[in-house]
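Inspection log for the structure reproduced underneath, given as structure tokens.
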Amino acid sequence: MDTPRLMAVLAHPDDESLGCGGTLAKYAAAGVEVSLVTATRRQAGRYRGHPPGHAAHPGATALAAIREGELRAAAGVLGVRHLSLLDYEDQRLDCAEPAEVIAAIARQVRRLRPDVVLTFGPEGAYGHPDHVAISQFTTAAIVAAAAPTRAGDEAGGPAHTVSKLYYIAWPESAWAAFQAAFRRLVSSVDGRERQATPWPDWALTTVIDTRDCWPTVWQAVSCHASQVEAYDTLRTLGPGHHEALWGWQSYYRAFSTVNGGRARETDLFAGIL
Ligand SMILES: [Zn+2]
């Protein structure tokens, strides 16, 4: 049996730690080969709470380097074996050329040959356009990676079929814990407000127990100092709140070629191993 392989494809540095850190840490510790593809360096964002243009903000170029360094540190803490940065423009991933992004992700899928892929769901957690875009591009890339390779195709290797695709799917309880620790998550897109969008409990096909990993996740989250140090509440979180934040991770099984049915899974590799 080959080493099982898990790949997360996400939009920004810190998505891996905040969105699915417990899952990545748990499987890495169990010997699964974990890879991470991050589409942007999130260089258009804030620095320690200061918006771009503020005197204390180092500028987009410097922030890109800072955030890449934080991402590499967090990935190391979580046990990520392969980290790929795709270098797309932050906050504009949905405006990138779809065929190009899909091919870039498909190349990583063919190169690293994951059994299981996880990404954001179609709602992008709170409607963030980059999250919505990476969900769509990743889903399409899995189809592209499985297509037969044509002569002259520079797609990173022979065709590869992913066995299972999962979407990060937070229920109401996870959002409540998260927004109590950080802030109310909203994104304003073309004048309309988008908010955290909980998944109904019945729709969670898969819930992973990551309670043993929360100290590792917290360490990974803390690597993103340019972001998390703006949140005073985080410094005073008790173990119970940490466990509520990182102790259980839930997903929606978008497809599986190896299992199905109504029973809730406790393992992303159910049906594979
Ligand atoms: Zn993000």
(request) Using just the alpha carbons, could you tell me how many Å³ per residue the convex hull of segment 14-101 encloses? (result) 103 Å³
(message) Using +1 at the C-beta of Lys and Arg and -1 at the C-beta of Asp and Glu, which of T210, A29, L71 has the Cα lying farthest in the positive direction of the dipole of segment 5-256?
(response) A29
(message) Sequence gap at least 6, Cα distance under 8 Å: using those rules, report the relative contact order of the chain to the nearest whole percent.
(response) 23 percent
(message) Give me log10 I(q)/I(0) at q = 0.18, 0.29 Å⁻¹ for segment 174-220, Debye formula, one equal scatterer per alpha-carbon, no solvent.
(response) -0.83, -1.08
(message) With both bridge residues required to lie in the chain, what share of the DSSP beta bridges run antiparallel, to the nearest 5%?
(response) 40 percent
(request) Sort segment 1-149 into rounded, prolate or oblate with this rule: let a ≥ b ≥ c be the square roots of the eigenvalues of the Cα gyration tensor; rounded if a/c is under 1.5, and if a/c is not under 1.5, prolate when a/b is larger than b/c, oblate otherwise. (result) oblate
(request) Positive end of the charge dipole of the chain (Lys, Arg +1 and Asp, Glu -1 on Cβ, about the Cα centre): tell me which of H241, A144, P4 has its Cα farthest that way. (result) P4
(request) Sum up the charges of everything whose Cβ sits under 12 Å from the Cβ of D212, counting Lys and Arg as +1 and Asp and Glu as -1, but leave D212 out. (result) 0
(message) So if I place +1 on the C-beta of Lys and Arg and -1 on the C-beta of Asp and Glu, and nothing else carries charge, what would the dipole magnitude of the chain be about its Cα centre? I want it in debye, nearest 20.
(response) 160 debye
(request) Give me the distance between the Cα centres of segment 79-130 and segment 182-224, rounded to whole Å. (result) 18 Å
(request) Go ahead and set up a Gaussian network model of the chain, Cα springs under 10 Å, then flag whichever of A144, A30, A106 fluctuates most. (result) A30
(message) From the phi angles alone, apply the Karplus equation (6.51, -1.76, 1.60; θ = phi - 60°) to segment 229-242 and give each ³J(HN,Hα) in whole Hz, x where the residue is Gly or Pro.
(response) 6, 6, 9, 4, 4, 4, 5, 10, 5, x, x, x, 5, 4
(message) Quick check on the exposure proxy: order S163, S173 from fewest to most C-beta atoms within 10 angstrom.
(response) S173, S163
(message) What does the charge count around W248 come to, taking other residues whose C-beta lies under 14 Å from its C-beta (Lys +1, Arg +1, Asp -1, Glu -1)?
(response) -4
(request) Report, largest value first, the span of the C-alpha coordinates of segment 5-256 along each principal axis, in whole Å. (result) 56, 40, 35
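Every read-out reported here was derived from the displayed coordinates using simple, explicitly stated rules and does not represent laboratory data. Note that the structure is a prediction, hence the values are computed from the model and not measured. Backbone-built Cβ (ideal geometry, glycine too); neighbour counts: all protein chains shown.
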